[in-house]
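> Let me give you the structure first, and then I'll get to my questions.
Please treat every number below as a calculation from the coordinates, not as lab data. As the structure is a computational prediction, the values presented were derived from the model and not from experiment. Every residue, glycine as well, gets a Cβ built from its backbone with ideal geometry; the counts of neighbours run over all protein chains shown.
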DNA sequence: CGATTGACGTACG
DNA sequence: TCGTACGCCAATC
């Protein structure tokens with residue numbers, strides 16, 4: 001069904017934000033949710049990611065983790081190691097599925113895209 | 001239509 | 001500091 005083109009699907013908005021994440025940076029589901037105005041629905045961001053597998057260009061979902069920087073969604077990738085591998089390739093160190101200096105690599109769309 | 005689930009987050013003990 | 005409980009909201013069973 002056709003609806004107003006002015007309004008973009010929630011999922012697509014998530015994908016756009018994720019694609020805007022600079023290389024070597026990461027963000028959290030909550031941060032994206034907050035940027036979209038659905039701060040209380042961080043889970044919806046996760047749901048959007050679940051559908052991101054078929055999206056093109058491919059969504060760098062590996063740059064999106066939970067608030068503590070843990071690769072909670074690695075299990076949803078092609079291989080659980082793919083996510084960590086990609087992040088390490090971008091210069092991010094990971095230990096026990098947890099990003100080191102996560103706060104340092106954190107990229108907040110609400111701040112970066114607000115300007 | 002009701003109950004369960006989920007790539008989360010915050011609050012509480 | 002760590003573990004558990006609860007809330008949110010949409011999709012799925």
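> Where a ≥ b ≥ c are the square roots of the eigenvalues of the C-alpha gyration tensor, would you call region A:32-115 rounded, which needs a/c under 1.5, or, failing that, prolate if a/b is larger than b/c, or oblate?
oblate
> So what is the calculated 222 nm ellipticity per residue for chain A, using -39500 (n - 2.57) for each DSSP H run with n of 4 or more, over all residues, to the nearest 500 deg cm²/dmol?
For chain A, the value works out to -10000 deg cm²/dmol.
> Quick check on packing: order A:80-89, A:29-38 by the mean number of other C-beta atoms within 10 Å, highest mean leading.
A:29-38, A:80-89
> Separate question: Which angle between 0 and 90 degrees, to the nearest 10, do you get for helix A:10-19 versus the longest principal axis of chain A when only C-alpha atoms count?
Orientation of helix A:10-19: about 40 degrees from the principal axis.
> Let me ask you something else. Report, to the nearest 10°, how far helix A:80-89 tilts away from the longest principal axis of the Cα atoms in chain A, using its own Cα long axis and a range of 0 to 90°.
80
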